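A quick write-up on the structure given underneath.
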């Protein structure tokens, strides 16, 4: 464990590299009556992460942010090696947002025997991101379980941008036999966006100037379908075609999926019921950058 003092807002952020030291810190905090919020991340933090940290700090005296680029959720041809990393920048964001501790483990600390076993969550992992990235969600479920065992949270905070991932994490918590995992409350906060609608993401740093100018087409596509829904459209095919029509205005964009599905099961419907929660989801590539986004439609809201 070591400390660095933040000059703004004059906060000490404790940085832990081992689970044993983090557990000692958390035990001391709980003896004083503190509750624990956590924000699992892969680092290279942005305003979306900061919003999660601020929300956690509003409800918990102790807020632990994990920074761990998890190798088990990257496929063989994905961007594990080049995934952006800047610990000092992350440290400043955590401190300024109200975080009290960072868990910054090595791969060996998280997987002391190697990544020889993984956790598979049935039902919400086979489609969409799971179809495009077959091993991804096993890696996500495995690392979240291990992070919860390390951070022992009362409440964990995630962003809606990774919508399918939030369903996987909720199901993990509901089915895990581990007390450190199943005791955690999962709180999902709205996607943070740039002024032009682009969802904030650590991978946005990959976007060229031309890519960045074109990227907001994804949010425009989602918004077009949401407006049609608000006007009474309930056909999944029509909503999906509206998204595809908007996405096609950027010829460079390579669409992987643009779909409207049930928000709980991710299963398709030909026509949505008026009281059905649905989610609009898009995944696409601009140059070398893969982007995902979504909008949830809650008819009762």
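For this structure, a couple of remarks:
- Criterion: assigned by TED's automatic domain parsing to the domain that holds residue 150, at pLDDT 95 or above and either at negative phi or part of a loop (DSSP other than H, G, I, E, B) (or both) - qualifying residue of 33, 75: 33
- Qualifying residues in the range 35-46 (those that are in contact (Cβ under 8 Å) with a residue 60 or more places away in the chain and either more than 16 Å from the chain's Cα centre (by Cα) or farther than 16 Å from residue 184 by Cα (or both)) - the one surrounded by the fewest Cβ atoms within 10 Å (Cβ to Cβ): 35
- Within the range 280-293, not a single residue is under 21 Å from residue 230 (Cβ atoms), surrounded by fewer than 17 Cβ atoms within 10 Å (Cβ to Cβ) and in contact (Cβ under 8 Å) with a residue 12 or more places away in the chain.
- Filter result for residue 123 (within 20 Å of residue 170 (Cα to Cα) and surrounded by fewer than 21 Cβ atoms within 10 Å (Cβ to Cβ)): yes
- Residue list for the range 210-238, restricted to those being in a helix (DSSP H, G or I) and over 25 Å from the mean Cα position of the chain (by Cα): 210, 227, 228, 229, 230, 236, 237, 238
- Extreme residue, nearest to the chain's Cα centre (by Cα), among residues of the range 241-258 that are closer than 24 Å to residue 124 by Cα and buried (at least 20 other Cβ atoms within 10 Å of the Cβ): 258
- Here residue 174 clears all of (1) in contact (Cβ under 8 Å) with a residue 24 or more places away in the chain; (2) under 24 Å from the mean Cα position of the chain (by Cα) except the condition numbered (1).
- The single condition from (1) surrounded by fewer than 17 Cβ atoms within 10 Å (Cβ to Cβ); (2) closer than 29 Å to residue 81 by Cβ; (3) touching a helix residue (DSSP H, G or I) at 6+ places or on another chain (Cβ under 8 Å); (4) in contact (Cβ under 8 Å) with a residue 60 or more places away in the chain that residue 193 fails is (4).
- Flag if residue 49 is surrounded by fewer than 16 Cβ atoms within 10 Å (Cβ to Cβ), touching a residue at least 12 places away in the same chain (Cβ under 8 Å) and within 17 Å of residue 189 (Cβ to Cβ): no
- Selection from the range 237-278 of residues that are under 14 Å from residue 226 (Cβ atoms) and without any contact (Cβ under 8 Å) to a residue 12 or more places away in the chain: 238
- Some residue of the range 198-205 being outside any loop (DSSP other than H, G, I, E, B), free of Cβ contacts under 8 Å to residues at least 40 places away in the same chain and touching a helix residue (DSSP H, G or I) at 6+ places or on another chain (Cβ under 8 Å): no
- Within the option set 199, 225, being crowded, with 19+ Cβ neighbours inside 10 Å, over 19 Å from residue 46 (Cβ atoms) and in contact with a strand residue (DSSP E or B) (Cβ under 9 Å, 6 or more places away or on another chain) holds for one residue only, 225.
- Filter result (surrounded by fewer than 17 Cβ atoms within 10 Å (Cβ to Cβ), in contact with a strand residue (DSSP E or B) (Cβ under 8 Å, 6 or more places away or on another chain) and free of Cβ contacts under 8 Å to residues at least 40 places away in the same chain) within the range 62-112: none
The values are calculated or read from the model by the stated rules, or taken from the named source; none is laboratory data. From a predicted model like this one, the values you see are computed outputs, not experimental measurements. Here Cβ is always computed from backbone atoms with ideal geometry, including for glycine, and neighbour counts include all displayed protein chains.
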